[in-house]
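The values are calculated or read from the model by the stated rules, or taken from the named source; none is laboratory data. All values reported here derive from a predicted model rather than from experimental measurement. FYI the Cβ positions are ideal-geometry reconstructions off the backbone, even for glycines, and counts take in every protein chain you see.
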Amino acid sequence: MGTWTGSAASVEFTAETNQVRATKIVVTVDGGGLANPTINPAAGTYYGPIEVTITCGTGGAKIYYTTNGSNPTTSSTQYNAPFSLSSNATVKAISAKDGDVSDVVEATYEFATATPVANIAAFQNTADETVVKFNNPVNVLAQNKKYLYVKDNSGYALFFGETGQTYKNGDVIPAGFAGTKTTYAGEPELAVVSGFLPASGNSPIAPEEISANQVGHNMFAHYVKFTEATIAKVDDRNYVLTDVNGNTCAIYFGSMGVSAPGDLDATYDVIGVVGSYGSENTVYQLLPTSIKRHGGVFGWGSMQGTSDNEDVTFDYESIVVAISGKYMYAMDDTGYGLAYGDRTGKTYTPGDVIPEGFGGKKITYKDEPELAETHTGFEAPSRHLTKDELHALAKEISLPQVGHDTWAWYVLFKQVYIDTQKSVFRDANGNEVPYYNNTFNCAFPADLSKPYDIYAVVGKHNDYQILPLEVNVEIPEVDVPCIEDLYGLSSGQVGHFTQPLTTIYQNGVNLYVKDECGMYSLVYGSVAYNDFANGDFINDAKATWTEYQGAKQMVPVGDTFVKAGHGAAVEPEMMPIEEVSQDNVHFYLGFENVQLTATDAANTYNMVDETGEMLVFNKFNQSVTIPELSADKTYDVKGFLTIYKGQLELYPIMVKEHSDYPVGDVNGDGEVTIADVNMLIDIILGAEDNSEGRSDVNGDGEVGIADVNSVIDIILS
């Protein structure tokens, strides 16, 4: 039972399995008034105590209920917390708010006595349709959704249904659970009823090594393993497994959450349970719970054959081919893949080579495998490939080849047209494939009347699509001294900076810079093998420009944004809030002694000084620490001005409590000198206390060598 709340012309619900057996489906459309309460669990017969919860979709409504079958009123017991039932009862409930009272809803519960069984063998010898209650615990072999395979000292069994619990191999399910004994596909099965509790312990169970010709009735529900097996495809989910001795059995990829491997020429170590299919002429088949390439060597090509939620470690170094935020597409000697998440805080750019030993949890998303958000072992790149070296790795494919077999590939499309009206790429034969350009922000040329060579990765949302990375186009370069000169060029035209740019702040694909003319810009896109710091300068940068939310920003061209040295750090321009305008978008600004309060929106704050107020949106919240805010304190804020949906906002890179001491005055003597550098080094080494918090000079929430550099920059400037 579920509730969807919202406003829409239509709502589509999708079942979690391909087969649904329903006795009743009730859809209630609420016009927005007082909602009727909902009682859980559903009315019915139970074989042990239950916990009843009552909810209402109308905020602020109170719930009143009875358990004796009488209709409740606002004088009845008010519902405040779940309550237990262990004897027959009819629960009735109403909701009430502002004088309105809902309809009465009810649920009748009957409690029956189940036939006790001592173990799995006793359960299997019980007549079908008998409700049984286990008096002893069982051990979990494997679970996926409604499929739960278990064992005890007397045998093996399949339990089918919603247990309300998530178990893993080796978990001990406490005694007291109940279900109906049935026979399905030639084997006894427990249709789950109630009473499943969280695991009371865990002792992992090793699979039995058997041969493929042993898969049958005598091994039903056993947890088994095959070493160095091959797999051949019959159809989308049915395959044939051949063991190392040439014996065969059916293997089915539709029950236990494991996808078939993509490389059927390799050999695999396969673990699974033995299942059955078909009430007549029953077929026994292996239901895999884990597949790993034989030999224990793991890479992107092994992901398809690995069970969901399994922890994996990569034995190959990976080459980053595309990255934006949490999305990173990579390749190794075995294939291609997607890592989604923060990669343990490491920053990479296309062409970076990540050392082996990283890993995480494998999941399936949109029918394709990926390394889930929880990552481990990501280290700094061991080396970096140039743009030309990376291009040489792209596989040339045609548009009709975009699909499951090329998902996550780093590819090159030769001579295709870009249709921005339909958001498709089109070849000379009229074949079309959709593209999505919000992930990697690829700059398109102004002239779309001719075809281009395009580097991309193959992604998937609801359908397979192209994620463009770079359009290979020959455009003459124009020398530009300053950012304003670049913005004066036609969109898509390449500007070559003849004067250095100074970097201020980098966060992933966002790099803020300032030129020699005093102009600021956001550089959005992949920049070369650098972690830029405030004061680094770049020579001979090349860029185009694009427009976002009415503000121009730079798009880097090639590997030209390379650190060429370090100079004085850029200090923010201090100004009152009332003077901030759209002309200052992407400027590095500072505000002192302001009030700061959190709003109802996540990561969003209201900043107020004597002249006005503006929004502060902590876009870079993974690296910027917001102190605990208090109405009794004021704060100093540094950040970059942006515009979103017509509203000016500040992206902060430093927020700290206001102090009358100048920034960098670590020892509190009112000056910033070499004495502050010495004291800061002593603090880092542990020889001095933290100087009342003044040692975090750059405001990143940590005290380290970066703060020493900041103090030196202040002294030099």
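Out of the residues in the stretch 267-287 that are of a type outside the set (S, T, Y) and surrounded by fewer than 17 Cβ atoms within 10 Å (Cβ to Cβ), which is farthest from D243 (Cα to Cα)? Step through it out loud before you land on a result.
Here is the first cut: in the stretch 267-287, the residues of a type outside the set (S, T, Y) are 269-275, 278, 280-281, 283, 285-287.
Narrowing further to those that are surrounded by fewer than 17 Cβ atoms within 10 Å (Cβ to Cβ): 278, 280-281, 283.
On the way: G278: 24, E280: 27, N281: 24, V283: 18 Å.
Out of the qualifying residues, it is E280.
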Task: Filter result for the condition that a residue is in a strand (DSSP E or B), of a type in the set (A, V, I, L, M) and in contact with a strand residue (DSSP E or B) (Cβ under 8 Å, 6 or more places away or on another chain), over L489, L511 - done: L511
Open item on the list: I need a count of the residues in the stretch 133-150 that are surrounded by fewer than 19 Cβ atoms within 10 Å (Cβ to Cβ), of a type in the set (D, E, K, R) and part of a strand (DSSP E or B).
Closed with: 0
Task: Top-ranked residue in the stretch 534-550 [being at negative phi and in a loop (DSSP other than H, G, I, E, B); ranked as surrounded by the most Cβ atoms within 10 Å (Cβ to Cβ)] - done: A541
TODO: Six or more apart or on different chains, Cβ under 6 Å: which pairs go from a residue in the stretch 129-145 that's in contact (Cβ under 8 Å) with a residue 24 or more places away in the chain and farther than 16 Å from D171 by Cα to one that's among the β-branched types (V, I, T) and part of a loop (DSSP other than H, G, I, E, B)? Could you list them?
DONE: V132/T126
TODO: Scan the stretch 317-331 for residues that are surrounded by fewer than 21 Cβ atoms within 10 Å (Cβ to Cβ) and under 21 Å from L393 (Cα atoms) and report the count.
DONE: 3
TODO: Examine the stretch 418-434 for a residue that is within 28 Å of S307 (Cα to Cα) and in contact with a helix residue (DSSP H, G or I) (Cβ under 9 Å, 6 or more places away or on another chain), and state whether such a residue exists.
DONE: no
Open item on the list: Being under 30 Å from N593 (Cα atoms), at pLDDT below 90 and of a type in the set (D, E) is the filter here; which residues of the stretch 554-580 pass it?
Closed with: E571
Open item on the list: Within the stretch 154-216, considering only strands (runs of 3 or more DSSP E) that don't extend past its boundaries, which have at least 2 residues that are among the hydroxyl-bearing types (S, T, Y) and not assigned by TED's automatic domain parsing to the domain that holds F123?
Closed with: none
Open item on the list: Considering only residues that are surrounded by fewer than 16 Cβ atoms within 10 Å (Cβ to Cβ), in contact (Cβ under 8 Å) with a residue 24 or more places away in the chain and among the acidic types (D, E), which ones fall in the stretch 355-390?
Closed with: D367, E373, E379, E389
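Out of N153, N119, report the one residue that is surrounded by fewer than 17 Cβ atoms within 10 Å (Cβ to Cβ) and not charged (D, E, K, R).
Every option except N153 fails the conditions.
Just need a number here: residues in the stretch 398-444 that are closer than 21 Å to K366 by Cβ and charged (D, E, K, R). Outline the logic, then answer.
Narrowing the stretch 398-444 to residues closer than 21 Å to K366 by Cβ: 399-411, 423-425, 432-440.
So of that shortlist, the ones also charged (D, E, K, R) come out as 405, 432.
Final tally of qualifying residues: 2.
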TODO: Check D531 against each of (1) buried (at least 16 other Cβ atoms within 10 Å of the Cβ); (2) in a loop (DSSP other than H, G, I, E, B); (3) under 34 Å from the mean Cα position of the chain (by Cα) and name the one condition it does not meet.
DONE: (1)
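Could you list, in sequence order, all residues of the stretch 66-82 that are over 41 Å from the mean Cα position of the chain (by Cα) and either not in a loop (DSSP other than H, G, I, E, B) or not assigned by TED's automatic domain parsing to the domain that holds K97 (or both)? Step through it out loud before you land on a result.
The initial filter retains those residues of the stretch 66-82 that are over 41 Å from the mean Cα position of the chain (by Cα), namely 66-77.
Once the filter is applied, which keeps residues that are over 41 Å from the mean Cα position of the chain (by Cα) and either not in a loop (DSSP other than H, G, I, E, B) or not assigned by TED's automatic domain parsing to the domain that holds K97 (or both), the stretch 66-82 yields T66, N68, T77.
Return yes when T349 is under 21 Å from A142 (Cα atoms), in contact with a Ser or Thr (Cβ under 6 Å, 6 or more places away or on another chain) and not aliphatic (A, V, I, L, M) and no when it is not.
On the way: under 21 Å from A142 (Cα atoms): no; in contact with a Ser or Thr (Cβ under 6 Å, 6 or more places away or on another chain): yes; not aliphatic (A, V, I, L, M): yes.
Considered against the rule, which asks whether it is under 21 Å from A142 (Cα atoms), in contact with a Ser or Thr (Cβ under 6 Å, 6 or more places away or on another chain) and not aliphatic (A, V, I, L, M), T349 comes out as no.
Yes/no per residue for (1) of a type in the set (S, T, Y); (2) assigned by TED's automatic domain parsing to the domain that holds E379:
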residue: V244; (1), (2): no, no
residue: G254; (1), (2): no, no
residue: D269; (1), (2): no, no
residue: Y277; (1), (2): yes, no
residue: I291; (1), (2): no, no
residue: G305; (1), (2): no, no
residue: Y316; (1), (2): yes, yes
residue: S324; (1), (2): yes, yes
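Could we say that D583 is farther than 30 Å from L390 by Cα and not small (G, A, S) here?
On the way: farther than 30 Å from L390 by Cα: yes; not small (G, A, S): yes.
When the stated conditions are applied, D583 passes them.
To keep it simple, each residue is scored yes or no on (1) polar (S, T, N, Q); (2) free of Cβ contacts under 8 Å to residues at least 40 places away in the same chain; (3) closer than 23 Å to F640 by Cβ.
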| position | (1), (2), (3) |
| --- | --- |
| Y455 | no, no, no |
| Y464 | no, no, no |
| L467 | no, no, no |
| V471 | no, no, no |
| D479 | no, yes, no |
| Y487 | no, no, yes |
| S490 | yes, no, no |
| L501 | no, no, yes |
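Mind listing whichever residues of the stretch 605-626 are modelled with pLDDT of 90 or more and either surrounded by 13 or more Cβ atoms within 10 Å (Cβ to Cβ) or assigned to a helix (DSSP H, G or I) (or both)?
Our first condition is that a residue be modelled with pLDDT of 90 or more; within the stretch 605-626, this holds for 605-617.
Passing the criteria: Y605, N606, M607, V608, D609, E613, M614, L615, V616, F617.
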Task: Residue, nearest to the chain's Cα centre (by Cα), within the stretch 374-391, restricted to residues that are among the hydrophobic types (A, V, I, L, M, F, W, C) and over 10 Å from G351 (Cβ atoms) - done: F378
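Those residues that are farther than 22 Å from D632 by Cα and either assigned to a loop (DSSP other than H, G, I, E, B) or in contact with a Lys or Arg (Cβ under 6 Å, 6 or more places away or on another chain) (or both), I need them from the stretch 654-674; list them, please.
Keep residues of the stretch 654-674 that are farther than 22 Å from D632 by Cα, which gives 664-674.
Passing the criteria: G664, D665, V666, N667, G668, D669, G670, E671, V672, T673.
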Task: Those residues of the stretch 90-103 which are over 40 Å from the mean Cα position of the chain (by Cα) and at pLDDT 95 or above, in sequence order - done: T90, V91, K92
